[in-house]
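Trainee: Can you keep this structure in mind? I'll have questions shortly.
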Amino acid sequence: MRHWLGREVVWRDGASAVFPYVARVDGHDLVIRLGDFPEEDLYTLIVDGVELGAFNDWPSTWDRSGRRASGPTSTSSHPFTDP
């Protein structure tokens, strides 16, 4: 997980409030899931459908510019959708 926390990542709008950010980096699909803070960590990083770990501090190298997702990580085709 440390590998991803140190990478530059530009996040796009995700499928829902539970999955607010998605990104595609070097062919990998990244998803952020929000936890039930403070009982849980604030964020969980999911890469290619596998939970890598949870954390509270957003990395400074990650950009949450909020651009609308398109292509393979769009909300219509992403496996992490919230009904």
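Trainee: Beyond 12 Å, what share of the Cα-Cα pairs of the range 2-60 is found? Please give it as a whole percent.
Mentor: Cα-Cα pairs of the range 2-60 separated by over 12 Å account for 65 percent.
Trainee: Find how much the distance from residue 40 to residue 3 grows on full extension, using 0.36 nm per residue of separation minus their present alpha carbon separation; answer in nm with one decimal.
Mentor: So the chain would gain 11.1 nm between residue 40 and residue 3.
Trainee: Put a dot 7 Å past each Cα toward the Cβ at residue 18 and residue 52; how far apart are the dots in nm?
Mentor: The modelled label-to-label distance comes out at 2.2 nm.
Trainee: Evaluate the relative contact order of the range 1-46 (contact order divided by residue number), counting alpha-carbon pairs under 8 angstrom at least 6 apart; express in whole percent.
Mentor: 25
Trainee: A further question on this structure: Near the amide H of residue 35, under 5 Å away, which other amide H atoms are found, from residues 5 or more places off or on another chain, if H is placed in the peptide plane?
Mentor: Long-range HN contacts for residue 35: 43, 44.
Trainee: Give me, ordered by chain and number, the residues 5 or more places off residue 52 or on other chains with an amide H under 5 Å from its own placed amide H.
Mentor: The list, which skips near neighbours in sequence, is 45, 46, 47.
Values quoted throughout were computed directly from the atomic coordinates according to the rules given, and no laboratory measurement underlies them. Treat the numbers as computed from the prediction; the structure is a model and nothing was measured. So basically every Cβ, Gly included, is an ideal-geometry build from the backbone, and we count neighbours across all protein chains shown.
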